[in-house]
Amino acid sequence: MLSNTCKYGIRALIYLASKPGGNQKVGIKQIADDLKLPTPFLAKILQQLVRSKILISSKGPHGGFSFAKDPQKITLYDVILIIDGNSFFENCIIYNKTCRSADKENLLCPVHREFSEIRESIIRLFKSKTIHQLMDNTKNYPDVIL
């Protein structure tokens, strides 16, 4: 459902939100090492979040990544749109087009109606969960490596 790129981005945001003070700069190497993710790949993901004004980054010996936006105001939906785009929320799961255009052409797939209901539930869930809430929830699972 979500790409690994998106999952890594979400994990990195939760990790940054878990840092004391919530807005300290954390270096890419530390984030990658702690989350056991490849540094170059993670750097590209975090730069995408910087371009979207979710994070800020600074270079140098005391540089790193921190939040530009309050983690209580960043939803899973926001992050998914930034990293994976809106295709999951708009595209047909069988035809190679949006559900809206398939509907106009009267080419609804065999699971369109059922999946539309599920998709709406998923959208509501993703819009209702913030990075801060996810970070708070991980405190209940101390052995989990984000």
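Numerical summary
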quantity: Qualifying residue in the stretch 29-44 (condition: among the charged types (D, E, K, R), under 30 Å from R119 (Cβ atoms) and exposed (fewer than 15 other Cβ atoms within 10 Å of the Cβ)); calculated: yes
quantity: Any hit, the stretch 113-127, residues being surrounded by 14 or more Cβ atoms within 10 Å (Cβ to Cβ), outside any loop (DSSP other than H, G, I, E, B), at pLDDT below 80 and not assigned by TED's automatic domain parsing to the domain that holds A12; calculated: no
quantity: Test: residue in the stretch 92-110 that is in a strand (DSSP E or B) and modelled with pLDDT of 95 or more; calculated: no
quantity: Test result for I145, assigned to a helix (DSSP H, G or I) and either at pLDDT 90 or above or assigned by TED's automatic domain parsing to the domain that holds S18 (or both); calculated: no
quantity: So L76, is it in contact with a helix residue (DSSP H, G or I) (Cβ under 9 Å, 6 or more places away or on another chain) and without any contact (Cβ under 8 Å) to a residue 40 or more places away in the chain; calculated: no
quantity: Some residue of the stretch 74-93 being closer than 19 Å to T138 by Cα and touching a strand residue (DSSP E or B) at 6+ places or on another chain (Cβ under 7 Å); calculated: yes
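Residue-by-condition table, conditions (1) assigned to a loop (DSSP other than H, G, I, E, B); (2) under 25 Å from I123 (Cβ atoms); (3) small (G, A, S):
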| residue | (1), (2), (3) |
| --- | --- |
| K7 | no, yes, no |
| I14 | no, yes, no |
| P20 | yes, no, no |
| D34 | no, no, no |
| Q48 | no, yes, no |
| H62 | yes, no, no |
| S66 | no, no, yes |
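The values are calculated or read from the model by the stated rules, or taken from the named source; none is laboratory data. Since we're looking at a predicted model, the values are computed, not measured. Backbone-built Cβ (ideal geometry, glycine too); neighbour counts: all protein chains shown.
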